[in-house]
Amino acid sequence: MSRLLRLALIVVVLAVAGFAAVRLFVDHRPAGPAPAASPTPKPSPSGLTLAAAQRSAFPDGMEARTPEGSRMVYADGQLVDTPFGPVLVNPGTIPDAAHVEGGAVAIHYLRQDTGGVHVTRALPFAVRSGSSGSISEWSVSRTIGDLPVVYTEGGGTWQGYSCSFATLTELRPAGPAELATIQVMASDDGAVPSEQAKTTVGKIVDVVPNRSFVVRFTGARNFDAHYVRRGGRYVPEGGERDTLGGC
C-alpha cells in the first residue's frame, strides 16, 4: 500500500474516532465556517439571538490574534443558557496555519439588560487543541453534570503517528474550567507497514452525572478506562494504566 493511501486512511480513522467519541454529546457543531445558507438560529429563552451575542463578543469582526501572532477566525457558534446567564461558544481556525498550530474554542460570558448585551468575561482561546490550525470536533453536553460541558477534540499526525485528544471544559459561574483531557485515539499506520499497523479509538460511555464515566477503547487494545470526579477534575481511577499512550 502506498504511503499516500495509508495517510488517507489515517484521516478516515481520525474522523471515525471523533464521531464515536462525541456520541453522548448533544448539539454537535462542525469546527469549520458555517454554511452561508444555514437556517436562522433561534433566540435563547432570554430573547438573546446568536447574531446579537456575536456582535457583542466580536465587535471588530469574528477574529482575533493569538498570543503567537496568528490570525484566528471564528465560525458561528452556540448560545448556552446557564443559571448565571448566557454563554457564547465559538470554534476558531487559523487559515494557512503551520502544522504545529492548533485551533481554538472561544468562550464569552454575557449579561443582558435594558442597556444591551455586555461581555463579562472574554476568553477567545479558552481551549486550544488540534493541529494545522483546526480542531476536529466540538459540542456542548448537559449529560456530564449539573453544568454544561464543552467537548473539544483535536489531533494530528506527527512522523507517521496519529493521536487525538478530547478536552472537557465545564462552564462554571466564575468561568470555564477544565475537567479532563483524554487521549481518545492512537495509530501508527503512517509509521509502519500497513499489515503491522495498530489503531485504537475510545468513546465516552456509562456517564454517572457529577460522579464518573467510562472511556471504552477498542481496536488494537480493548479496555475500559474508569474516570472519577475528584474535586474539580475527572481522573483515571487506574492511573497511567487507564490511559492510551503511544504519542
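Just one of the listed residues (Arg128, Arg111, Arg172) is touching a residue at least 12 places away in the same chain (Cβ under 8 Å), among the basic types (Lys, Arg) and closer than 28 Å to Gly69 by Cβ, namely Arg128.
Checked across segment 101-109, the condition of being in contact with a His (Cβ under 7 Å, 6 or more places away or on another chain), open to solvent by less than 50 Å² (accessible area, probe 1.4 Å), part of a strand (DSSP E or B) and within 19 Å of Glu170 (Cβ to Cβ) holds for no residue.
Asn210 satisfies every condition listed in (1) part of a strand (DSSP E or B); (2) within 30 Å of Ala122 (Cβ to Cβ) except (1). Across segment 59-82, the number of residues qualifying as part of a loop (DSSP other than H, G, I, E, B) and in contact (Cβ under 8 Å) with a residue 24 or more places away in the chain comes to 8. If the condition is being part of a strand (DSSP E or B) and over 16 Å from Ala186 (Cβ atoms), then segment 130-163 contributes Ser134, Glu137, Trp138, Ser139, Val140, Ser141, Val149, Val150, Tyr151, Thr152. Within the option set Val87, Val119, being at pLDDT 95 or above, open to solvent by 30 Å² or more (accessible area, probe 1.4 Å), under 24 Å from Pro148 (Cβ atoms) and touching a Leu at 6+ places or on another chain (Cβ under 7 Å) holds for one residue only, Val119. Among the residues of segment 189-203, is any loosely packed, with under 13 Cβ neighbours inside 10 Å, under 28 Å from Val89 (Cα atoms) and basic (Lys, Arg)? For segment 189-203, residues loosely packed, with under 13 Cβ neighbours inside 10 Å, under 28 Å from Val89 (Cα atoms) and basic (Lys, Arg): absent. Being within 22 Å of Asn210 (Cα to Cα), of a type in the set (Gly, Ala, Ser) and in contact with a Phe, Trp or Tyr (Cβ under 7 Å, 6 or more places away or on another chain) is the requirement here; does Ser129 meet it? Criteria not met by Ser129.
The set of residues in segment 164-184 that are small (Gly, Ala, Ser), open to solvent by less than 70 Å² (accessible area, probe 1.4 Å) and either farther than 15 Å from Val89 by Cα or part of a loop (DSSP other than H, G, I, E, B) (or both) comprises Ser164, Ala166, Ala180. Note on segment 132-157: residues that are open to solvent by less than 10 Å² (accessible area, probe 1.4 Å), of a type outside the set (D, E, K, R), over 22 Å from Tyr109 (Cβ atoms) and at pLDDT 95 or above amount to 2.
The values are calculated or read from the model by the stated rules, or taken from the named source; none is laboratory data. Computed from a predicted model, the values in this text were never measured in an experiment. Here Cβ is always computed from backbone atoms with ideal geometry, including for glycine, and neighbour counts include all displayed protein chains. The accessibility values were calculated without ligands, DNA or RNA, using every heavy atom of the protein model including side chains. Shrake-Rupley method; radii C 1.70, N 1.55, O 1.52, S 1.80 Å.
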